[in-house]
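These notes concern the structure reproduced below.
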Amino acid sequence: MKITIFGAGAIGGYLAAKLAIAGRTELSIVARGAHLDAIKASGLRLIEDGKETTAPVRAAAKAEELGEQDYVVLALKAHSVAPALDQIAPLLGDHTAVVTMQNGVPWWYFHKTLGALEGTRLQQVDPGGTIWDRLGPRRVIGSVVYPAVEVDAPGLIRHVEGKRFSLGEPSGEKSERVTLLAGEMVKAGLQAPVREDIRAEIWIKLWGNLSFNPISALTGSTLAAIVADEGTRMLARAMMLEAQAIGESLGVRFPIDVDRRIKGAGDVGEHKTSMLQDLERGRPMEIDALVGAVQELGRLTGKPTPAIDGVLALVKRLAVERGGYG
């Protein structure tokens with residue numbers, strides 16, 4: 001089995017290291033800069049449970065060095081996928097599966113939904129349908145990523161907590177390709193449940209991300225602080241209820257209620273969301289995939305999104321002022 005991880009940052013690096021250490025796959029990564037140089041010089045190093053291990057991975061700056069793969073894991077942020085399409089192309093054969101590990105609403109959301117919106121391309125995450133046309137939704141295996149991982153230094157990945165990568169075909173079938181991949185991940189010490197409705201799980205994670213992430217960027221607050229403050233908690237709740245109405249109109253069933261989801265976020269503690277971390281580090285924020293796409297779904301389904309609209313306008317303005325949007 002040939003697997004390439006495209007984008008070997010924190011999550012991609014962790015997955016690559018676990019698979020490579022297990023030694024059951026032909027594992028490669030596409031990386032760049034100091035990270036690539038460090039991996040080529042000393043291997044990909046992983047700190048997990050207080051122990052450091054070096055993973056034997058093949059690392060390349062250009063995908064054409066690696067050839068066609070059985071699986072390509074896109075461990076990029078959503079806004080980085082379209083600019084990387086030319087680089088990804090050499091990895092794709094007729095039967096290559098592409099595992100999408102982006103946060104937010106995926107570009108392939110309306111593939112195999114069998115509803116009135118079947119085949120709709122979401123402009124917030126795939127302007128002009130470029131990703132849909134170039135990658136092709138038939139290749140997709142969806143994923144919801146839960147591990148907390150950090151890059152401590154070039155070539156050095158530190159695992160904080162969590163080992164679950166939920167997987168699922170857009171059609172809901174338990175295909176051979178998703179079952180085989182899940183099996184390899186489990187043998188590498190990860191949790192890889194295959195879901196019959198991966199979209200429902202995407203919504204549960206998105207439910208918190210679309211509200212807490214932009215509010216944290218706007219206020220500089222941690223999850224615990226947002227939940228503890230009545231004003232920000234109620235704003236997050238209003239955004240989540242708007243999103244729930246959209247999701248339910250698309251056939252999604254939410255297995256928990258909004259207040260339990262909010263409590264779960266607060267229980268995480270003094271944690272800075274990824275959007276706040278990106279803002280503080282001067283990196284582009286995942287605004288379109290996490291918030292803008294939900295607004296777009298609201299327009300498509302006829303559901304009002306006044307709270308989402310207001311927060312989206314503010315966080316976009318913040319990003320423009322910081323040079324991280326548009």
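The values are calculated or read from the model by the stated rules, or taken from the named source; none is laboratory data. Owing to the predicted nature of the structure, the values given are computational and were not obtained by experimental measurement. Quick reminder, even Gly has a Cβ in these numbers, built from the backbone with ideal geometry, and neighbours come from all protein chains shown.
Overview of values
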{"quantity": "Residue, farthest from MET101 (Cα to Cα), within the stretch 69-91, restricted to residues that are out of contact with any His (no Cβ under 9 Å at 6 or more places or on another chain) and part of a loop (DSSP other than H, G, I, E, B)", "calculated": "GLN69"}
{"quantity": "Matching residues in the stretch 182-205 - criterion: being among the small types (Gly, Ala, Ser) and either part of a helix (DSSP H, G or I) or out of contact with any helix residue (DSSP H, G or I) (no Cβ under 8 Å at 6 or more places or on another chain) (or both)", "calculated": "ALA182, GLY183, ALA200"}
{"quantity": "Residue tally, condition free of Cβ contacts under 8 Å to residues at least 24 places away in the same chain, over 23 Å from GLU248 (Cα atoms) and either polar (S, T, N, Q) or surrounded by fewer than 14 Cβ atoms within 10 Å (Cβ to Cβ) (or both), over the stretch 107-135", "calculated": "2"}
{"quantity": "Residue match in the stretch 83-97 (condition: surrounded by fewer than 17 Cβ atoms within 10 Å (Cβ to Cβ), of a type in the set (Val, Ile, Thr) and either assigned by TED's automatic domain parsing to the domain that holds ALA10 or over 27 Å from GLY208 (Cα atoms) (or both))", "calculated": "no"}
{"quantity": "Search result, residues across the stretch 43-68 that are part of a helix (DSSP H, G or I) and either on the phi > 0 side of the Ramachandran plot or touching a Gly at 6+ places or on another chain (Cβ under 6 Å) (or both)", "calculated": "none"}
{"quantity": "Residue in the stretch 297-309 that is more than 19 Å from the chain's Cα centre (by Cα), closer than 20 Å to ASP229 by Cβ and modelled with pLDDT of 95 or more present", "calculated": "yes"}
{"quantity": "Candidate set: the stretch 11-30, residues that are surrounded by fewer than 20 Cβ atoms within 10 Å (Cβ to Cβ) and of a type in the set (Gly, Ala, Ser); chosen: the one modelled with the highest pLDDT", "calculated": "ALA22"}
{"quantity": "Matching residues in the stretch 237-286 - criterion: being crowded, with 20+ Cβ neighbours inside 10 Å, of a type in the set (D, E, K, R) and not in a helix (DSSP H, G or I)", "calculated": "GLU286"}
{"quantity": "Residue among LEU297, LEU276 that alone is closer than 14 Å to SER211 by Cβ and assigned by TED's automatic domain parsing to the domain that holds LEU206", "calculated": "LEU276"}
{"quantity": "From GLU248, GLU184, GLU230, residue being in the same structural domain as THR25 (by TED's automatic domain parsing) and not basic (Lys, Arg)", "calculated": "GLU184"}
{"quantity": "Any strands (runs of 3 or more DSSP E) falling wholly within the stretch 101-177 and containing at least 1 residues that are touching a Cys at 6+ places or on another chain (Cβ under 9 Å), modelled with pLDDT under 95 and closer than 30 Å to VAL268 by Cβ", "calculated": "none"}
